[in-house]
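Trainee: Have a look at this one before I ask anything.
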Amino acid sequence: MSDVVRLAIVDPSDASRNSLKSLLLGIETVWLEAECSRYDFFCDVVEQTQPDIALISLDASQQQALDLVAMVANKYPDCHALVVSSSQEGSLILRAMRNGAKEFLSAPLQMDDFLAALERLQFATRTGSKGKRPCRVMTVCGASGGVGCTSLAINLGCIFAKNPDNAVAIIDLDLSLGDADVWLDIIPDYTILDISENISRLDFSLLKRSLTKHDSGAYLLPRPLQLDDRPIVTPEQFHRIITLLRTNFTHVLVDVSKAFGALDLEAISLADECLLVTQLDLATLRNVVRVIHFLEERAQGDKVRIIVNRVGLEDSQISLNKALQTIGKEVYWQIPNEYAIMVESRNNGIPLIVESPRAKLTRSMVQLAEKLDNPAAEVPDVSAPGEKPKRRLFSFLGPSK
């Protein structure tokens, strides 16, 4: 299982079903994928949503519910059936377990009992199979405007998506002036505004319909089409969006705004890494120091990975050694300056991995993606002179010479 468990429930009783929902919605590691009020419709729900767990109440009709347990266990072996009942008769428990139930829980369901059952199921999954690949959430932040955050988020996303084992989502969180859709040359039918307006009934089917798939395989959730001075997405709503994306994607990249407001901070707090993009000029480097201090005060400093963009932009720029003295933190990666190639890629709406796969700029981003995916691996930085490329983990992208 992934870090977040996707769950569907069936209970013909509105009162007990609502009680179950209230309990489950209070558990951050559980995503309520679907609910159903009819036993005879539930297999269709499982077929469409493919949850990790099916929680089946037995009390409305024990025989019909037990038959449903057997159907779910036989047709959907990757979905664990849990049953809940106010009856504790030994014969009922035995029949439920024989029909394929993994756990028998008492109604009304208690959180401690449910979490204990969940832990047992997760342990069995970890020891019995490889399980799903955990999702990595990365935010891309800029120390100032125009340093290349969106280009990095888009191109990293498309590089990750080239691997058929990956599922990649990119979120444009610059809600006023974001332009991720331009970089991918797509005209979206839906935006993050549509998600926020339907947050109360948000499930994966609705979310996936709101994402626009690019030819690279990456999905984009763009900023709203119109400027608006009203709050479009609250931090709580965004938390819910990320939680659902974690259950279905291997990589989520969030291009945040330069405001470092509540929504941006929520994105950073939910991320595994925060890629802070800078250039080697004094004003931007001073902002790097400010941003690092700002995030450290909020216990997010350990996530920061400094990415120096456009290395070699001009002879008079500040040296890397001087930059290190200024910011007092190690540089995670350097991206070379190939301005003409990047501008052509943006104007054509074609990612670098397709537009210029052999460019030094592209190779640098491919190797950055490799390092982010495999932090312990030794990955050469093609921006550093004298480095010879070693065996690449992203070999499916073809030769980089």
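Trainee: List, in the order given, every pair from LYS102/LYS208; LYS162/LYS303; LYS258/LYS303; LYS258/LYS371; LYS329/LYS371; LYS162/LYS360 whose Cα-Cα distance in the structure shown is over 20 Å.
Mentor: LYS102/LYS208; LYS162/LYS303; LYS258/LYS371
Trainee: Per residue, how many Å² of accessible area does the chain show with a 1.4 Å probe?
Mentor: On a per-residue basis, 47 Å².
Trainee: Based on Cβ point charges of +1 for Lys and Arg and -1 for Asp and Glu, what charge dipole magnitude is obtained for the chain about its Cα centre, in debye rounded to the nearest 20? Intermediate results must be reported in sequence, preceding the final value.
Mentor: Details: 42 positive and 52 negative charges, 262 e Å.
In debye, rounded to 20, the chain gives about 1260.
Trainee: Amide H to amide H, which residues 5 or more places from LEU105 or on other chains are under 5 Å from it, using H placed in the peptide plane?
Mentor: Placed amide hydrogens put VAL83, VAL84, SER85 under 5 Å from LEU105.
Trainee: Peptides 89-96, 233-240: what's the order by average Cβ count within 10 Å, highest mean first?
Mentor: Values: 89-96: 13.8, 233-240: 17.5.
Packing proxy ranking, top to bottom: 233-240, 89-96.
Trainee: Which whole-Hz ³J(HN,Hα) couplings does region 10-23 yield from phi under the Karplus relation 6.51 cos²θ - 1.76 cosθ + 1.60, θ = phi - 60°, glycine and proline marked x?
Mentor: Residue by residue, region 10-23 yields 9, 7, x, 7, 4, 5, 6, 5, 5, 5, 4, 4, 4, 5 Hz.
Trainee: Relative contact order of the chain: what whole-number percent is it, with Cα pairs under 8 angstrom and at least 6 residues apart?
Mentor: With pairs under 8 Å counted, the relative contact order is 14 percent.
Trainee: Okay, moving on. Leaving out ligands, DNA and RNA, and with a 1.4 Å probe, what % of the accessible surface on the chain is carbon or sulfur? Don't skip to the answer; put the middle values down first.
Mentor: Numbers: 9070 of 18740 Å².
Solvent-exposed carbon and sulfur of the chain make up 48 percent of the total.
Trainee: To continue, here is another question. Just report the Cα centroid separation between region 147-200 and region 28-46, whole Å.
Mentor: Region 147-200 and region 28-46 have Cα centres separated by 29 Å.
Trainee: Would you please classify the overall shape of region 8-126 from the alpha carbon gyration tensor, given that a ≥ b ≥ c denote the square roots of the eigenvalues, rounded means a/c under 1.5, and beyond that prolate means a/b larger than b/c while oblate covers the rest? Walk me through the intermediate numbers first.
Mentor: Numbers: a/c = 1.10, a/b = 1.08, b/c = 1.02.
Rounded, since a/c falls under 1.5.
Trainee: Show the residues, 5+ positions off or on another chain, whose built amide H is closer than 5 Å to the amide H of LEU253.
Mentor: MET138, ALA169, ILE170, ILE171
Trainee: Still on this structure: Note down the relative contact order for region 176-291 as a percent, whole number, built from C-alpha pairs under 8 angstrom at least six residues apart.
Mentor: Once divided by the residue count of region 176-291, the mean separation gives 22 percent.
Trainee: Indicate the gyration tensor shape class of region 296-374 (rounded, prolate or oblate), computed on the Cα atoms with a ≥ b ≥ c the square roots of the eigenvalues: a/c under 1.5 is rounded; otherwise a/b larger than b/c is prolate and the rest oblate.
Mentor: Taking the square roots of the gyration eigenvalues as a ≥ b ≥ c, region 296-374 is oblate.
Trainee: Let me ask something additional. Can you find, among ILE268, GLY312, HIS80, the residue farthest towards the positive end of the dipole of the chain? Put +1 on the C-beta of Lys and Arg, -1 on that of Asp and Glu.
Mentor: GLY312
Trainee: Then there's this: How much length would be gained if the chain were fully extended between LEU324 and ASP302, taking 0.36 nm per residue of separation minus their Cα-Cα distance, in nm to one decimal?
Mentor: 6.2 nm
Trainee: Follow-up. Could you please state, rounded to a whole Å, how far the C-alpha centre of region 310-365 is from the C-alpha centre of region 74-118?
Mentor: A separation of 55 Å, based on Cα centres.
Trainee: What shape does region 232-280 have by the C-alpha gyration tensor, where a ≥ b ≥ c are the square roots of the eigenvalues, rounded means a/c under 1.5, and otherwise prolate means a/b greater than b/c and oblate the rest? Working shown, then result.
Mentor: Working: a/c = 2.65, a/b = 1.33, b/c = 2.00.
The shape class here is oblate.
Trainee: Nearest 500 deg cm²/dmol is fine: what mean residue ellipticity at 222 nm does the chain get from its DSSP H runs of n ≥ 4 alone, each adding -39,500 (n - 2.57), divided by its residue count?
Mentor: So the helix-based figure for the chain works out to -12500 deg cm²/dmol.
Trainee: Pull up all non-local amide H partners of GLY142: gap of 5 or more, or a different chain, and H-to-H distance under 5 Å with H placed in the peptide plane.
Mentor: VAL277
Trainee: Pulled fully out, how much extra length does the chain show between LYS208 and GLN62, if you take 0.36 nm times their separation in residues and subtract their Cα-Cα distance?
Mentor: Between LYS208 and GLN62, full extension yields 49.0 nm more.
The values are calculated or read from the model by the stated rules, or taken from the named source; none is laboratory data. This is a predicted model, so every value here is computed, not measured. Quick reminder, even Gly has a Cβ in these numbers, built from the backbone with ideal geometry, and neighbours come from all protein chains shown. Side chains are part of the model used for accessible areas, which takes the heavy atoms of the whole protein and leaves out ligands, DNA and RNA. Shrake-Rupley method; radii C 1.70, N 1.55, O 1.52, S 1.80 Å.
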